[in-house]
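Q: One structure, as structure tokens, below. Some questions next.
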Amino acid sequence: AGFMLGAFGGVYFSRYFKPGAAAWIQVILAMSFIGIVMFWPVGAFIFPLWAGMAGGIQFTLYMEMAPREGSARVYAADVVGAGLGALWAGLFLVPLWGMAATMLFVAGLNGVMGLLLRVQPKRVSADL
């Protein structure tokens, strides 16, 4: 529930920012994960909200970059990536590294994606 609430907040509030500013907000959210993980296990209740918000911002930015006919492909890639990421994390990362290290790794990936969106905010082709 916290993740979905955060995703809603990310999508809702990202529409008020230019793509470059929203990418920086995503980077800031990703870096704040480090502080959340440091307060484990209390951070476990806040992490899904923050992760959802970063994901909502990221998804909105991708949708703005995609042409209208490519939106379905962006959404499909988002759903497939989420499913594969959940399997990968649940089957490999959490058993090998533990929950806190996995959360830091995912936060780092999200921060990198925000930086990539910041430095290259151009439209993507419909041939995703």
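The values are calculated or read from the model by the stated rules, or taken from the named source; none is laboratory data. The structure displayed is predicted, hence computed values, not measured ones. Using ideal geometry, Cβ is built from the backbone for each residue, glycine included, and neighbour counts are taken over all protein chains shown.
Q: When you check residue 59 against the structure, is it at pLDDT below 80, of a type in the set (Phe, Trp, Tyr) and under 20 Å from residue 25 (Cα atoms), yes or no?
A: In short, yes.
Q: Do you know which of the residues in the stretch 90-101 that are at pLDDT 85 or above and surrounded by 14 or more Cβ atoms within 10 Å (Cβ to Cβ) is farthest from residue 61 (Cα to Cα)?
A: By that ranking, first place goes to 97.
Q: Those residues that are more than 17 Å from the chain's Cα centre (by Cα) and surrounded by fewer than 17 Cβ atoms within 10 Å (Cβ to Cβ), I need them from the stretch 49-89; list them, please.
A: Result: 67, 68, 69, 71, 72, 73.
Q: Go through the stretch 52-96 and count every residue that is assigned to a helix (DSSP H, G or I), farther than 20 Å from residue 7 by Cα, in contact (Cβ under 8 Å) with a residue 12 or more places away in the chain and not aliphatic (A, V, I, L, M).
A: So the answer is 2.
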